[in-house]
Amino acid sequence: MLAALSSIALSRKGIQASPSAGQQSAKVRAVPLRIPPASSIPSGPVGELVRLGKNIITDTPKYAAAYTGNSMKCSDCHIGGGTMAFASPLAGVTTLFPWYSPRAKRVITIQERLNECFVRSENGKPLPDSSRDMIAMIAYMNWLSRGIPMGSTVVGRGLLHLRAPSHVDPKAGKRIYAKKCSMCHQPNGQGISGVSPPLWGPHSVNDGAGMAKVPKMAAFVKANMPPTNPGSLTVQEAFDVAAYVDSQPRPHYNKVYDNY
Ligand code: HEC
Ligand code: HEC
């Protein structure tokens, strides 16, 4: 049933999805990803929080400047403000937390999970647990999750589950990059401000981020890049190009935040 839903969700892209995508455990029930219309954001103070959370997630350097250390928006990876399957959607996440984290080797809260992306993907600083900005992001994620039962998630949580090829070739990846990526992310990997995000260099994610690891980047790229023709790369090409991008310099993860 799950496998069927996953392949329906991705048939337009010609991708065979695994039901165990991302961190999804076989025991977690998954429902189809349905994004509520913006008109259903409630009026009043809760609606204000939801809108603030959406702004932080879609324009992080502007709305969470004090905690952001690069030019990355959450929605550069959580595409469409967390509304896309296999681009780590942000619906059906708060329904699962607190959650056992294989990275931390303990149960973590949703605040800790959000801060993991702040100290790694945003190369920034953790937000206080009960700050207005933190509660706003949670309010937005709860709004995205309307109708999803507690303990359940969405089909397409996390990233595609790919089997790594036996050999990965960053030199072949360099050629793929020049042909299929550099027009947007630029030959020097710095992207185009306001159009496409950097893939390496001082304004990119640090080396502690999931996106800086070849398997996760390959899984993201396979399902989502290039945006004009997602799913067009083979699994081998996705790994090769991820290995090339991964071989480029980027900021170092600040071990002061090792509890995240
Ligand atoms: C450079 C890419 C990138 C950026 C920027 C980024 N993230 Fe993530 N995020 C990821 C990846 C990769 C994962 C792990 C997906 C997986 O393996 O299932 C993740 C996971 C998460 C999760 C857990 C999802 C789940 O299903 O358990 C949350 C919540 C999250 N990010 C929130 C944020 C927020 C909020 C921001 C902005 C402050 C942000 N992320 C910025 C790449 C990014
Ligand atoms: C048409 C322009 C375009 C092309 C071509 C393109 N990208 Fe992207 N890429 C984007 C945009 C825009 C985003 C931000 C997410 C979104 O809005 O779709 C993005 C996001 C990303 C991210 C996650 C964010 C980050 O900075 O880490 C990665 C990784 C990535 N692209 C890799 C690639 C690779 C590899 C290729 C070539 C196979 C590629 N892209 C081709 C425009 C492009």
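The rows are residues; the columns are (1) modelled with pLDDT under 95; (2) out of contact with any Leu (no Cβ under 9 Å at 6 or more places or on another chain); (3) assigned by TED's automatic domain parsing to the domain that holds Gly81.
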position: Arg103; (1), (2), (3): yes, yes, yes
position: Glu112; (1), (2), (3): no, yes, yes
position: Asn123; (1), (2), (3): no, yes, yes
position: Asp133; (1), (2), (3): no, no, yes
position: Tyr140; (1), (2), (3): no, no, yes
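Every residue, every condition in (1) at pLDDT below 95; (2) more than 11 Å from ligand 2 (Cβ to nearest atom), yes or no:
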site: Gly194; (1), (2): yes, no
site: Pro198; (1), (2): no, no
site: Gly210; (1), (2): no, no
site: Lys216; (1), (2): no, no
site: Phe220; (1), (2): no, no
site: Asp240; (1), (2): no, no
site: Val245; (1), (2): no, no
site: Arg250; (1), (2): no, no
site: Asn254; (1), (2): yes, yes
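How many residues does region 168-199 contain that are of a type outside the set (Phe, Trp, Tyr), part of a helix (DSSP H, G or I) and either touching a His at 6+ places or on another chain (Cβ under 6 Å) or in contact (Cβ under 8 Å) with a residue 60 or more places away in the chain (or both)? The total comes to 7. Restricting attention to region 59-109, the residues being assigned to a loop (DSSP other than H, G, I, E, B), within 16 Å of ligand 2 (Cβ to nearest atom) and not aliphatic (A, V, I, L, M) number 12. Among all positions in region 246-258, there is at least one residue which is touching a residue at least 40 places away in the same chain (Cβ under 8 Å), within 12 Å of ligand 1 (Cβ to nearest atom), farther than 24 Å from Gly80 by Cα and of a type in the set (Lys, Arg). Residues that are under 20 Å from Leu127 (Cβ atoms), buried (at least 20 other Cβ atoms within 10 Å of the Cβ) and not β-branched (Val, Ile, Thr) within region 82-110 comprise Gly82, Ser88, Leu90, listed in sequence order. Output yes when any residue across region 43-54 is in contact (Cβ under 8 Å) with a residue 24 or more places away in the chain and within 16 Å of ligand 2 (Cβ to nearest atom), and no when none is. There is at least one residue in region 43-54 that is in contact (Cβ under 8 Å) with a residue 24 or more places away in the chain and within 16 Å of ligand 2 (Cβ to nearest atom).
Applying the criterion of being among the β-branched types (Val, Ile, Thr) and assigned to a helix (DSSP H, G or I) to the residues of region 233-260, the residue that is surrounded by the fewest Cβ atoms within 10 Å (Cβ to Cβ) is Val256.
The values are calculated or read from the model by the stated rules, or taken from the named source; none is laboratory data. Quantities reported herein were computed from a predicted structural model and do not represent experimental measurements. Don't worry about glycine lacking a Cβ; one is built from the backbone with ideal geometry, like all the others, and counts go over all protein chains shown.
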